[in-house]
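The values are calculated or read from the model by the stated rules, or taken from the named source; none is laboratory data. Quick caveat, the model's predicted, so the values are computed rather than measured. Cβ sites come from the backbone with ideal geometry, for glycine too, and all protein chains shown count toward neighbours. SASA here: full protein model, heavy atoms, side chains in, ligands and nucleic acids out. Shrake-Rupley method; radii C 1.70, N 1.55, O 1.52, S 1.80 Å.
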Amino acid sequence: MKLDIKLLIGASALALMALGTSASAQDCPRGDLDARFCDADGDLIADIPTDAADQIDPDTLIFAYTPVEDPAVYKTAWSDFLEHLEAETGKDVVFFPVQNNAAQIEAMRSGRLHIAGFNTGSNPLAVNCAGFRPFTIMASKDGNFGYEMEIITYPGSGIESVEDIKGKQLAFTSPTSNSGFKAPSAILKGDFDMLPERDFEPVFSGKHDNSILGVANQDYMAASIANSVKSRMILRDVIKEDDVKVIYKSQTFPTTGFGTVHNLKPELQDSIRDAFFSFEWEGTSLEAEFSKSNEGQFLEMTYQEFWEVIRKIDAANGVSYACE
């Protein structure tokens, strides 16, 4: 897997350009999908192109995990799985560290990313704008999955309830994050009649670990975060559990969705899918990291069903899936 990432990304982008504009010229059902994609079967994700000339079969596959924390941590965590993916597909695989959700979506849209885990909030935009086809999420060994959005503060902040944030600062992560922005925005507006700028000062930290560390270090008075990230940080001794306190906990949301770009050859997509579901977690680098958030298998899912609540949150926030 020791290959030149810049050359690989450039070659992949050229491969996409070679596809031309045939997809955008199609007259087909597509729902909220970008004009480049079709959805003839109504499952809300882009169909695989029917013309073999519009399908790609790269020698090297580029994989990226959602930038919820330090990418360097996850390059190591994913190493055993990526070796398994190489064995199952017969392809070289490169881990592509991305710094933010927008860069990850653009990488897939422009043909520089083939396999990815997109976080909860950015999944709909990746699906509709970049042709992402998610099919699995991580789950515990007994089949439970998901995480909760928490609003946290630090002991002694003077904040004991959500209402106490009024007149103070609240840290979000990024506009594409479900737990870091979309869900708390909808909940604060709908349940507490609280709006940014009017009732509190919104700031953006960029990532969940930045928000959590910011609260623990008392740089932010409060923050909305994914508690799965907080759990892993506590187990890695990045923060102590009593460095922060929870003043709000949401319903359970689906976690990171994994899948492929729509225009990989069907048999390659099948091989990648099989690699996820045949991976044995026990004793691997993936288990060492994600067991900290009680995850131990890949669970099959559909975007249409599992992301329904997220699409409803987006609708409540007036979120558009148009590509910009």
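A few remarks follow.
- Here is the size of the stretch 239-324 from its Cα atoms: Rg then Dmax, 17.4, 49 Å.
- Exposure check, 1.4 Å probe, all protein chains in place: residue 312 carries approximately 130 Å² of accessible surface.
- Degrees between helix 183-192 axis and first principal axis of the chain (Cα, 0 to 90, nearest 10): 40
- Added length on full extension, which subtracts the Cα-Cα distance from 0.36 nm per residue, residue 300 to residue 87: 74.6 nm
- Entries of 141/182; 75/265; 230/292; 75/312 with Cα pairs more than 21 Å apart: 141/182; 75/265; 75/312
- Estimated from helical segments only, the mean residue ellipticity of the chain at 222 nm is -9500 deg cm²/dmol, where each DSSP H run of four or more residues counts as -39500 (n - 2.57).
- Using θ = phi - 60° and Karplus 6.51 cos²θ - 1.76 cosθ + 1.60, couplings along the stretch 310-324 (whole Hz; Gly, Pro as x): 5, 5, 5, 4, 4, 4, 5, 8, x, 6, 9, 9, 5, 7, 10
- When nucleic acids and ligands are ignored and a 1.4 Å probe is applied, residue 65 ends up with an accessible area of around 20 Å².
- Top of 129, 28, 38 by mean-square fluctuation, Gaussian network on the chain, Cα under 10 Å: 28
- Projected over every direction and averaged, the convex hull enclosing the alpha-carbon atoms of the chain yields 16.2 nm².
- Ranked by the mean number of other Cβ atoms within 10 Å of their residues, highest first, the peptides 246-253, 190-197, 203-210 come out as 203-210, 246-253, 190-197.
- Accessible area per residue for the chain is 43 Å², calculated with a 1.4 Å probe on protein heavy atoms, without ligands, DNA or RNA.
- Whole-percent carbon and sulfur share, accessible surface of the stretch 54-204, 1.4 Å: 47
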